[in-house]
Amino acid sequence: MSKSKSSETVKVVVRCRPMNEKEKAAKFERVVSVDVKLGQIIVRNPREAAANEHPKVFTYDSVYDWNSKQIDLKTYTMEGVRNDPERRGVIPNSFEHVFTHISRSQNQQYLVRASYLEIYQEEIKDLLSKDQTRRLELRERPDTGVYVKDLSSFVTKSVREIEHVMNVGNQNRSVGATNMNEHSSRSHAIFVITVECSELGVDGENHIRVGKLNLVDLAGSERQTKTGAQGERLKEATKINLSLSALGNVISSLVDGRSSHIPYRDSKLTRLLQDSLGGNARTVMVANIGPASYNLEETLTTLRYSNRAKNIKNKPRINEDPKDALLREFQEEIARLKEQLEKRSGKKKRRRRRRGGEGSDGEDLEEGETEEDEEEGEDKGDYWREQQEKLERERKAIMEDHSLVAEENSGCSKRKRRRWKT
């Protein structure tokens, strides 16, 4: 019942990392150049360059080259170096932003909860649970959408508390060594921050809005020939690539405009990200690429992947009680009708003044108007009054109904209010 805003596309940011020591030692060629001002990534294939082929150009919302500081990009990718303010990643910077906003707010109460999960080999694990062998299941409800059953959630009242929650979860993450990365993520991780805001309305009742921030750290796609993955590592890589492939299929289906079916159910990752991709969300994707010729194919795959994603359209809206939303819409409609009535009343007054001053039939009406137009305007004025009265009656009915609902929920609200941060 919430009033939807106009759609907006997924924002895409691309960062090109510096050449690492292995690439420098092997004397690989730099094939990527970055135009920060134009937001462009230019990729040159050494083989095609010899055949006079033009380089491939990709344009994004923002791009960062190998000289960018951590404070410019705010990613490392997601965590960075937590104890260094200039090298912190997206997640710790988000904590700072949320609690700074809360500390500056007035006449509002907030409740902040944190959850942390990972998708390892297509199984969901609660990173904050004492039992790390337990696997959780996905469920879906008409009102809240897809959720993880029995996922633990912790109330946090400061940056320090929520950072502690993340540190506990990080100790349980699945990591391993490959030929390309000594600390390779072997899973996708999602840190969820849920913020509830309670505010006193004009009706004297508390109205609650809910927002959810999903901070997603995706494992990178892998080529077995480069990573040297074997045994368990190979099995992990296969699952990672399958879920990323499913994500790519969802992106393609959303963008081409012809698909009647979006394959969200092909993986647990895409089901959990369903709202973030084409749903009720604002989404930013951060893609990381390497500049060396050795990674040319992976770099082009990542750029094409993220280039498609920037065409996805989301429809963000305010998450509030349906009765609150309906009441707000009625109030907006009443205000609009009042404004139209005032404009019409002003026109009638001007006409009466002109009749009294001139007394001529030819000048009774404004230029371009006829007596029929005036009569029609009066009929419309009566119609708008009737509509306004009808809306007012419906608004009062909702207010009465809302009061009953508020009384039923008062016990729950009182218990929750003890934990609100003022």
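Any read-out appearing in this document is the output of simple, stated calculations on the displayed coordinates, not a laboratory observation. All values derive from a computational prediction rather than experimental measurement. Please note: Cβ atoms are built from the backbone with ideal geometry, for glycine as well, and neighbour counts cover all protein chains shown.
A few comments on the model shown:
- The range 256-307 - Rg over Rh from alpha carbon coordinates, Kirkwood radius: 1.07
- Measuring between alpha carbons in the structure, the pairs from K11/K315; K149/K268; K235/K310; K56/K313; K11/K149 lying more than 19 angstrom apart are K235/K310; K56/K313; K11/K149.
- Neighbour net charge for A292 - beta-carbon separation under 11 angstrom, K R +1, D E -1: +2
- Calculated FRET value between N170 and E339, using beta carbons and R₀ = 51 Å, to 0.05: 0.40
- Cα gyration tensor category, rounded, prolate or oblate, for the range 133-175 with a/c compared to 1.5: oblate
- Dipole-positive endmost among H97, N172, T133 within the range 62-174 (Cβ charges, Cα centre): H97
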